[in-house]
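Asker: Take a look at the following structure, please.
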Amino acid sequence: MRAFRRVLRIPALAAVVLACAVLLTAVGIAIGPHSKEALFAVDRERSDVALDLSPGAQRTEVYDNVGNEIGILRYDIDRQLVQIDEVPDDVLATLLAVEDNKFWLHNGVDIRAISRAMIQNLTSGAITQGGSTITQQIVKLRIVGNESSFSRKIREAVLAARLEEQFSKEEILEFYLNEIYFGNGAYGLQAAAETYFGKNVSQLDVGDAAFLAGLIRSPGIYDGFDDMDIVGKRRSMSLQSAQDAGIIDSEDRERFEERGLPDRNRSPQRTDETLKRDYFLDEVTEALLAHPALGETYQERFAKVYNGGLRVWTTFDPTLQRQMEEAVLEVLPDGSDDFEVAVASVDPTSGAVRAFIGGPEFADFQFNLVTQGSRQPGSSFKTYVLAAAIEKAGLYPFDTISGVGPCTFPNPPNVDYEVSNFNDNEGVVGTVQYAVLKSSNCGFVRLGLRTGLDNVVEVANRLLGRDLENSFRPYLSMSLGAQEVTPLEQAVAYAAIANGGLRMEPHFITR
């Protein structure tokens, strides 16, 4: 923490109350009926209002398994907290030179500035000038609001004094830097640095700070990056304030004046622009929104996920994701217009979902084939028939099974179930191992019947994580993969086989 020089001052609240009393007495005739209202406000704010500097809504950041940011989640507020030590000294000095050049000296209220403003306001009969310090701006943002009245200004001053007695200057300034709105959806200095300059707050310079300082009083003027004339003039005024404060010289000011103004939102939405990764981030989001630890209701969880400033570490492996995408391109070098491609990779020992391709491009195709794309698995389902035959029926690879086809099976009350082997192969009576090698359709229907279709259902449900409501049905066609599964279910089930038959629940989040 910086060691800032503090000065000896009279108690803050006493100073403000005294100043208000003297000012109200001096201009009592001009105030008229407002004087009683204002003094009551001073008395009321001495103890009734609780003060705190808890942070406002913050964005959630999501990281891969090696700590790289893969995305941010936010609703309508983009904010990331920074500590005051992260802000360069000259940037901090520039912001203070523009917004509150006596910040380190006053007790929350700049008596001279507010006296001038109040005299002007009282003689005009309306609130036409502010004179607010940074501390007063915080009070206005968090407590008293924007009501245009004398009592509100008195309340603001008294509460600002109380805030300075309760918190250090460093705490107040750090809160302000994280709370203030800079337009274009950017709340706080870090979000502003990213939005306008594509930088981290530690990379800002005086020119950047002068631009941002010019936005604070009317942040909406530059929404859409349209009104460059007004923003340019405000930056010039801020640079002049920085020069007057001795932060820069005239040459520096001229150099910063020549710099172009931000013309678009430069906030990096992802550190890696791989669109396939968005499918993963979408699943992480859904997992968070369903997590009971984040709230009892969906509304509570939504607020926590999008405005709670969470730091979420996931199972995502960027190296494996890249290898997966390269493998798809190798098989389908000209794209996959005639195919739907979905790939998932699951760690057998933990159930961690390491990577997947959920579709072509998330921006254009937001249906996740890995988790939502139920398809008939075909012959890949035969693995579960084989597992059930070994576990439930006690069969061995060298036991005999008939793979002769075509074959017909009674299927009451429906018509008989007729099956052919691949390419109308006649097949043979051979071992279970041979039926597996040839992927014999007739052989596996017979193997399912010999094992018991209910046994096949039980094993398949266990490996694929199905409950009774979503259970497979003991139909003859089941042995040939006629009932739909998702690619993620398949990946998890095959991972369970690789893990000695122990299925691990798939997950996307580690902490």
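The values are calculated or read from the model by the stated rules, or taken from the named source; none is laboratory data. Quick caveat: nothing in here was measured; it's all calculated off a predicted structure. Note that each Cβ is placed from the backbone with ideal geometry, even for glycine, and that neighbours are counted across all protein chains shown.
Asker: Exactly one of (1) over 24 Å from Ala160 (Cβ atoms); (2) surrounded by fewer than 21 Cβ atoms within 10 Å (Cβ to Cβ); (3) among the small types (Gly, Ala, Ser); (4) touching a residue at least 40 places away in the same chain (Cβ under 8 Å) is unmet by Ala245. Its number?
Answerer: If we test Ala245 against (1) over 24 Å from Ala160 (Cβ atoms); (2) surrounded by fewer than 21 Cβ atoms within 10 Å (Cβ to Cβ); (3) among the small types (Gly, Ala, Ser); (4) touching a residue at least 40 places away in the same chain (Cβ under 8 Å), just (1) comes out false.
Asker: Have a look at Ala186, Ala193 and point out the one that is touching a residue at least 12 places away in the same chain (Cβ under 8 Å), surrounded by 23 or more Cβ atoms within 10 Å (Cβ to Cβ) and closer than 18 Å to Ala93 by Cα.
Answerer: Ala193
Asker: From the list Gly403, Gly309, pick out the single residue that is at positive phi, surrounded by 13 or more Cβ atoms within 10 Å (Cβ to Cβ) and touching a residue at least 24 places away in the same chain (Cβ under 8 Å).
Answerer: Going through Gly403, Gly309 in turn, just one is at positive phi, surrounded by 13 or more Cβ atoms within 10 Å (Cβ to Cβ) and touching a residue at least 24 places away in the same chain (Cβ under 8 Å): Gly309.
Asker: Follow-up. Six or more apart or on different chains, Cβ under 9 Å: which pairs go from a residue in the range 377-389 that's more than 12 Å from Gln490 (Cβ to Cβ) and assigned by TED's automatic domain parsing to the domain that holds Thr400 to one that's of a type in the set (D, E, K, R) and part of a helix (DSSP H, G or I)? Could you list them?
Answerer: Ala388/Glu458; Ala389/Arg450
Asker: Given the structure, is Ser374 closer than 30 Å to Asp282 by Cα, surrounded by fewer than 16 Cβ atoms within 10 Å (Cβ to Cβ) and touching a residue at least 60 places away in the same chain (Cβ under 8 Å)?
Answerer: In short, yes.
Asker: Select from the range 201-224 the residues that are in a loop (DSSP other than H, G, I, E, B) and in contact (Cβ under 8 Å) with a residue 60 or more places away in the chain and write down the one among them that is nearest to Tyr75 (Cα to Cα).
Answerer: Looking at the filtered set, the residue picked out is Ile216.
Asker: Residues in the range 474-496: is at least one aromatic (Phe, Trp, Tyr), in the same structural domain as Ile401 (by TED's automatic domain parsing) and surrounded by fewer than 17 Cβ atoms within 10 Å (Cβ to Cβ)?
Answerer: yes
Asker: Would you confirm whether or not the range 497-505 contains a residue that is farther than 25 Å from Thr408 by Cβ and in a helix (DSSP H, G or I)?
Answerer: Within the range 497-505, one or more residues are farther than 25 Å from Thr408 by Cβ and in a helix (DSSP H, G or I).
Asker: For Gly403, state whether it is assigned by TED's automatic domain parsing to the domain that holds Met478 and touching a Cys at 6+ places or on another chain (Cβ under 6 Å).
Answerer: yes
Asker: So how many residues does the range 312-333 have that are surrounded by fewer than 15 Cβ atoms within 10 Å (Cβ to Cβ) and part of a loop (DSSP other than H, G, I, E, B)?
Answerer: Residues in the range 312-333 being surrounded by fewer than 15 Cβ atoms within 10 Å (Cβ to Cβ) and part of a loop (DSSP other than H, G, I, E, B): 2 in total.
Asker: Of the conditions (1) touching a residue at least 60 places away in the same chain (Cβ under 8 Å); (2) surrounded by fewer than 23 Cβ atoms within 10 Å (Cβ to Cβ); (3) not charged (D, E, K, R), Leu163 fails just one. Which one is it?
Answerer: (2)
Asker: Further question: Just to check your reading of the model, which residue among Glu164, Glu174 is touching a His at 6+ places or on another chain (Cβ under 9 Å) and modelled with pLDDT of 85 or more?
Answerer: The conditions single out Glu164.
Asker: Count, please, the residues in the range 346-368 that happen to be small (Gly, Ala, Ser) and either surrounded by 23 or more Cβ atoms within 10 Å (Cβ to Cβ) or over 18 Å from Trp313 (Cβ atoms) (or both).
Answerer: Of the residues in the range 346-368, 4 are small (Gly, Ala, Ser) and either surrounded by 23 or more Cβ atoms within 10 Å (Cβ to Cβ) or over 18 Å from Trp313 (Cβ atoms) (or both).
Asker: How many residues are in contact (Cβ under 8 Å) with a residue 40 or more places away in the chain and polar (S, T, N, Q) when one looks only at the range 166-183?
Answerer: 2
Asker: For the range 102-113, indicate whether the set of residues that are of a type in the set (Lys, Arg), at pLDDT 90 or above and either surrounded by fewer than 22 Cβ atoms within 10 Å (Cβ to Cβ) or outside any helix (DSSP H, G or I) (or both) is non-empty.
Answerer: Yes.
Asker: Has the range 204-216 got at least one residue that is surrounded by fewer than 17 Cβ atoms within 10 Å (Cβ to Cβ) and within 18 Å of Tyr181 (Cβ to Cβ)?
Answerer: no
Asker: Provide a single number: the residues in the range 61-73 that are buried (at least 22 other Cβ atoms within 10 Å of the Cβ), farther than 11 Å from Leu310 by Cβ and not acidic (Asp, Glu).
Answerer: 2
Asker: Please indicate, with yes or no, whether at least one residue in the range 193-205 is within 24 Å of Gly56 (Cβ to Cβ), of a type in the set (Lys, Arg) and at pLDDT below 90.
Answerer: No, the range 193-205 has no match at all.
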